[in-house]
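The values are calculated or read from the model by the stated rules, or taken from the named source; none is laboratory data. Fair warning: this is a prediction, and the values are worked out from it, not measured in the lab. Neighbour counts are summed over all protein chains in view; Cβ atoms, including those assigned to glycine, are modelled from backbone coordinates with ideal geometry.
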Amino acid sequence: MSDWVEACGADDIDEEDVMRFDHDGRTFAIYRSPDDEYFATDGLCTHEKVHLADGLVMDDIIECPKHNGRFNYKTGAARGAPVCVNLRTYPVKRDAGKILIQIG
Amino acid sequence: MAKGMLIIGAGECGGRAALALRDLGYDGPVTLVGDEPHLPYERPPLSKDALAGDAPVIKAIASEEILAERSIRHIHSVQAAAIDRAAHVVRLSDGSALPYDKLLLATGSLPRRLPMPGLGPRCVYLRTFNDALAIRAHLSPGNRIAIVGGGFIGLELAAAARRLGAVVTVIEAQPRILMRGVPAEIAKIIHQMHEAEGVNILCGDAIAAIAADGAEVRIALAGGQDIVADLVVIGIGAVPVTGLAAEAGLTIDNGIAVDAELRTSDPDIFAAGDCCSFPLAVYGGRRVRLEAWRNAQEQGALAASNMLGAGEAHSAVPWFWSDQYGLTLQISGLSDEGSKVVRRDLDDGAFILFHLAQDGRLVAASGIGPGNSVAREIRLAEMLIAKRAKPAAEALGSQTIKLKSLLAA
């Protein structure tokens, strides 16, 4: 279960921003926090299956672009209406300027 | 013993308020009364995705299990008949009576009726899930659908009907579609998109007469044209449901009048969502009534908090969206507060119009583009509006300057 996949370059994402990553028929969202750490979650909002990568990152929160459902992208925790189901998160590592996620 | 919290209206606003009362730790009785047979559900899909599939499905705000788990009593299929303010009791249409400590009126709005004779069973309105089911049954290839009103409900319905192959005509009395609240530049793009998808849009023409003719309906326009349809859907706006409040002697002013804390003229009765008018702090307390999903949700939560004594004033910026074909429109703020417009182009033909007041304050932003391409910028604009920011017009118009950087300034 060490299926690490290269998602993007470390510089492809601005600080406090998010990027979409599609792999093997699945879609993920990769985040770079304001303090320069990287995180990954499922790519679609648990409310209406909208791509979260079109949303806004503020501190440790990603806001869904459609209905403003909020999640903590570091833990996947849903943070208020209309979302009530948490997001799945994935381990991330940074290696030689690349961002890898373990999609398992 | 506590009489508890009673909510009349089990839509987005009432449903969210009930959940919010529990989120806030209230452990007394919570009762939610609705006149529909369904669980509290989201209405936005009714003119969009709910019509797309073969069998529309309800998008519930809370399942039976969640309501049970959170001890929210949901009484459905009944109407509230009267409020006895002195006794703190609401009487229902089935003869029962419910006591309350605090009451929330989340009665919503109903479609504005077309004041014309000749409307038979094939002239319908869209408000409820059952309305959507009835309309869906007519959306089939070649079936002729006439839509009266080029507002959001009508246009979203037109898009859904086209997707299902129906022949669609939209009749709008105003000189253009989306006159209320949408800039002409954006309305034009939506208009063109509908025409490209095969919708016949007739603007600036009034309806002279409507008559049922067998299984058909014939609409005679003042300009001389006749439109024959298998189904007519009327979407000419909504009126707040205020009868219960008015009969109880509460102040009505374009809806149930509430203060910044959503309290009516009776301190134990609150109102929220489509049914109320309230002072909008971000525009100096201008009294408005909003018919929008997010407003219903936010005000439901705020009312819950204030029913528990929080004393919190409403501070949100209005926001709404519409989906038609692959296009999404989002608007935050009220564009009629602005006197100057600055355009910012984004990728894929998407763009944002920033509306600035005389003094340079950003008061609204309207965006349109494919998918969710305008969402992030509109959300940032909303934050700037909430901050009463006066960003430089050049910065707003420049693609190379990030809106987020203006927020920090």
Margin query: I need the full set of residues from the range B:322-349 which are buried (at least 23 other Cβ atoms within 10 Å of the Cβ) and not polar (S, T, N, Q), in order please.
Written below: B:LEU329, B:ILE331, B:GLY333
Note to self: Restricting to the range B:272-299, and then to whatever is touching a Ser or Thr at 6+ places or on another chain (Cβ under 9 Å) and of a type in the set (Lys, Arg), can you tell me which residue is farthest from the other protein chains (Cβ to nearest Cβ)?
What the structure shows: B:ARG287
Next item on the list: Might you check whether a residue that is in contact with a Cys (Cβ under 7 Å, 6 or more places away or on another chain), more than 13 Å from chain B (Cβ to nearest Cβ), buried (at least 18 other Cβ atoms within 10 Å of the Cβ) and over 21 Å from B:SER373 (Cβ atoms) occurs anywhere in the range A:82-102?
Entry: yes
Next item on the list: For the range B:124-157, name all the residues that are without any contact (Cβ under 8 Å) to a residue 60 or more places away in the chain and not in a loop (DSSP other than H, G, I, E, B).
Entry: B:ALA134
Check: Taking the range B:315-330 as the region of interest, how many residues are more than 14 Å from chain A (Cβ to nearest Cβ) and within 17 Å of the chain's Cα centre (by Cα)?
Finding: 1
Note to self: Need pairs with beta-carbon distance below 8 Å; first residue in the same structural domain as B:PRO267 (by TED's automatic domain parsing) and touching a residue at least 60 places away in the same chain (Cβ under 8 Å) and within the range B:88-99, second crowded, with 17+ Cβ neighbours inside 10 Å and part of a loop (DSSP other than H, G, I, E, B); sequence gap 6+ or separate chains.
What the structure shows: B:HIS88/B:TYR100; B:VAL90/B:TYR100; B:PRO99/B:GLY4; B:PRO99/B:HIS88
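Suppose we filter B:ARG16, B:ARG91, B:ARG85, B:ARG70 for residues that are under 26 Å from the mean Cα position of the chain (by Cα) and either farther than 22 Å from B:CYS275 by Cβ or not β-branched (Val, Ile, Thr) (or both); which single one remains?
Working: B:ARG91 fails: under 26 Å from the mean Cα position of the chain (by Cα); B:ARG85 fails: under 26 Å from the mean Cα position of the chain (by Cα); B:ARG70 fails: under 26 Å from the mean Cα position of the chain (by Cα).
The conditions single out B:ARG16.
I'd like to check something: does the range B:39-46 contain any residue that is surrounded by fewer than 18 Cβ atoms within 10 Å (Cβ to Cβ), touching a helix residue (DSSP H, G or I) at 6+ places or on another chain (Cβ under 9 Å) and under 20 Å from A:CYS84 (Cα atoms)? Outline the logic, then answer.
The first filter runs over the range B:39-46 and keeps only residues surrounded by fewer than 18 Cβ atoms within 10 Å (Cβ to Cβ), leaving none.
The answer is no, given that none of the residues of the range B:39-46 is surrounded by fewer than 18 Cβ atoms within 10 Å (Cβ to Cβ), touching a helix residue (DSSP H, G or I) at 6+ places or on another chain (Cβ under 9 Å) and under 20 Å from A:CYS84 (Cα atoms).
Hey, among B:ARG70, B:ARG16, which residue is touching a helix residue (DSSP H, G or I) at 6+ places or on another chain (Cβ under 6 Å), surrounded by 22 or more Cβ atoms within 10 Å (Cβ to Cβ) and basic (Lys, Arg)? Before the answer, list the steps.
Details: B:ARG70 fails: surrounded by 22 or more Cβ atoms within 10 Å (Cβ to Cβ).
None of the other options fit; the residue is B:ARG16.
Among the residues of the range B:358-409, how many are in contact with a His (Cβ under 9 Å, 6 or more places away or on another chain), of a type in the set (Gly, Ala, Ser) and either more than 14 Å from chain A (Cβ to nearest Cβ) or on the phi < 0 side of the Ramachandran plot (or both)?
So the count comes out to 3.
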Check: Checking B:ARG379 against (1) free of Cβ contacts under 8 Å to residues at least 40 places away in the same chain; (2) in contact with a Leu (Cβ under 6 Å, 6 or more places away or on another chain); (3) not in a strand (DSSP E or B), which single condition isn't satisfied?
Finding: (1)
Item checked: Restricting the range A:61-81 to residues that are more than 14 Å from every other protein chain (Cβ to nearest Cβ) and either polar (S, T, N, Q) or buried (at least 20 other Cβ atoms within 10 Å of the Cβ) (or both), the residue that is nearest to the chain's Cα centre (by Cα) -> A:TYR73
Next item on the list: Search the range B:300-314 for residues that are touching a residue at least 24 places away in the same chain (Cβ under 8 Å) and within 14 Å of another protein chain (Cβ to nearest Cβ) and pair each with any residue that is part of a helix (DSSP H, G or I) and buried (at least 24 other Cβ atoms within 10 Å of the Cβ) when their beta-carbon atoms are under 6 Å apart and the residues are at least 6 apart or on different chains.
Entry: B:GLY300/B:CYS13; B:GLY300/B:ARG16; B:GLY300/B:ALA17; B:ALA301/B:ARG16; B:ALA303/B:ALA17; B:ALA304/B:ALA17; B:ALA304/B:LEU21
Note to self: Any residue that is among the aliphatic types (A, V, I, L, M), away from chain A (no Cβ under 13 Å), in a strand (DSSP E or B) and closer than 25 Å to B:PRO240 by Cβ - is there at least one of those in the range B:51-70?
What the structure shows: no
